[in-house]
1. Which percentage, to the nearest 5, of the DSSP beta bridges contained in the chain is antiparallel?
2. Put one equal scatterer on each alpha carbon of region 49-99, apply the Debye formula with no solvent term, and list log10 I(q)/I(0) at q = 0.12, 0.14, 0.28, 0.29 1/Å to two decimals.
3. Would you mind ranking 136, 150 so that the residue whose beta carbon has the fewest other beta carbons within 10 Å leads the list?
4. From largest to smallest, what semi-axes in whole angstrom does region 90-151 give when each is the square root of 5 times an eigenvalue of its alpha carbon gyration tensor?
5. Could you list 70, 169 so that the one with the fewest beta carbons within 10 Å of its beta carbon is first and the one with the most is last?
6. Given contacts defined as C-alpha pairs under 8 Å and at least six residues apart, what's the relative contact order of the chain, whole-number percent?
7. Only Cα pairs under 8 Å and at least 6 apart count here; give the relative contact order of region 90-151 as a rounded whole percent.
8. For 216, 118, what's the fewest-to-most ordering of other Cβ within 10 Å of each Cβ?
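Derivation of every value follows stated rules applied to the coordinates shown; laboratory data play no part. All of these numbers come straight from a predicted model, not from anything done at the bench. Glycine gets a Cβ as well: all are built from the backbone with ideal geometry, and neighbour counts include every protein chain shown.
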């Protein structure tokens, strides 16, 4: 379980990027993080993963405080950022072995996981190539593979569909479902509302650093008492009006 309690963060000491955020993310669910650009999604994910420190409040992952017990807390999750930056002079297989070493994944397990995951993502045949030769999408698949090698209790992804081809996007959604069904957490931010609508068990919508909704798609529809798309309800939540559409 991820517990966020009264968390705030400001970059300039004047305006909060995140304001007094309190949230529980439960084991066994895919939890979607939605909001317009600048809403505070990435800031929140970076605080959960220890890349940023909150100005106030606390964050625990399976009871481990990300600030006070950071090493053990970080062993509870894997994080896939919104940019595919990896070590370009390593071969793909060398990068995966490096990640496996960090998380103490034993040899039989890492061999089996690398074989399975790289086959599903379609990069098995390029593992002996240097990463600098990979496309953006291939690098994204490599990072996703590395993030799952130690079968983390929480899988945290920031815009994970970026750069993926349709087959790999399908495989990613399947892996997310399998991970949650195994009793673990999948937390991801996305701008692709159709994906969120199809895969999320629960979701949060934030705007200007504050929660405007938390719950299921069904609860959101009950709130508006209509059978509308997530897109139209999202626009209402963030105050964009009934007639606005995405371009």
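1. Numbers: 19 of 36 bridges.
Of all bridge pairs located within the chain, approximately 55 percent are antiparallel.
2. Per q value, in the given order, log10 I(q)/I(0) is -0.39, -0.50, -1.06, -1.09.
3. Numbers: 136 12, 150 19.
Listing 136, 150 from fewest to most nearby Cβ atoms yields 136, 150.
4. Details: eigenvalues 63, 27, 19 Å².
Those come to 18, 12, 10 Å.
5. Numbers: 70 14, 169 17.
Ascending Cβ contact count within 10 Å gives the list 70, 169.
6. On the way: 441 pairs, mean separation 64.3, N = 247.
Over the chain, the number comes to 26 percent.
7. Numbers: 48 pairs, mean separation 33.6, N = 62.
In percent, rounded to a whole number, it is 54.
8. If I rank by nearby Cβ atoms, fewest first, I get 216, 118.
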